[in-house]
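For reference, the structure discussed in these notes is given below.
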Ligand code: SAH
């Protein structure tokens, strides 16, 4: 399979030289690709070259299968169809600091978190670098406005698709490509410790978000099976190493689940856990509180906004900066995994 959208410019030049085309053609094609323009509209390429490319290249740019626009806040949820018929979701959110896209990193997810819709049914496959990049390209082309920030918080575990994510990071920052700076990119992980340590050694100064969600190993293992392999202590140790190596800010995600992890005592335990782990490092500590999105299969219940704000107060008073995540796009099923699941069950019904 020839996947030119996964190639950087020098790889593309090598490919063009193999098919007997000059370097500058590779550059022209490279510039077209990042705009999501279909091959037959790449008007400065000859018909014969376009023909040659259509015979050798697999078009891996995700195609819009469904698009839902939130009437509340303008959030756009895309269901993308991939070249092999699989689907993933992306969400485009509008903040005062610019347009932010939340992209998926895998078709399905192997991690098995108990509250999450994306992992029901397991992992189907990794997304290619071109499919990671392509979600941004396709959304930007459709929306018409520049996308400024990227978060890898959609379907999948980015550090389980490590090599393709790294290749994607190399592409997305390219000045001739999408030119999105690493400080505008964040990656969220459920806590694959060895890959966090690998990531610390790469030269990409992105923001790392850690899905923590609990303060004891017993409670965390009950909702996140990954914790049985790498417990809270080993995860926080890796975070400290990441901070010391990169100097980059980390943030912690904490999903509030009614009656499970949302009491005042949990907030206090969370503050002291983080403060102890990062003692002496000078790292700013930031927790994003997310009220659990109820997914009918998981049975997890959401508490009230007031309770979430109280939880945040306790953290803030203990010196850990906490914000309750605004709920964007709740009228368009913006919580990850739900649209893909609906599409799958519709497919099954129809077939
Ligand atoms: N696998 C990565 C990235 C994708 S999940 C990770 O685990 O971080 C992105 C975030 O959404 C994670 O913090 C995840 O725990 C959270 N999440 C998943 N399902 C949720 C739900 N039903 N309600 C609230 N947050 C959820």
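Each reported figure results from applying straightforward, stated rules to the coordinates on display, with no laboratory input. Only a predicted model underlies this, so the values are computations on that prediction, with no experimental measurement involved.
Between 138, 283, 200, the GNM of the chain built on Cα springs shorter than 10 angstrom shows 283 fluctuating the most. The percentage of C-alpha pairs in the range 276-326 whose separation is greater than 13 Å is 63%. Quick check: from the Cα gyration tensor, does the range 1-135 come out rounded (a/c under 1.5), prolate or oblate? The shape class here is prolate.
Comparing 89, 306, 157 in a Gaussian network model of the chain where C-alpha atoms under 10 Å apart are linked, the largest mean-square fluctuation is found at 306. Ranked from largest, the principal axis spans of the Cα set of the chain equal 69, 49, 37 Å. Using 0.36 nm per residue and subtracting the Cα-Cα separation, the extra length available between residue 264 and residue 71 on full extension is 66.0 nm. Most simply put, the chain has about 45% antiparallel DSSP beta bridges, counting only bridges with both residues inside it. Structure remark: mean-square fluctuation, Gaussian network model of the chain, C-alpha springs under 10 Å; the largest value among 282, 74, 156 belongs to 282.
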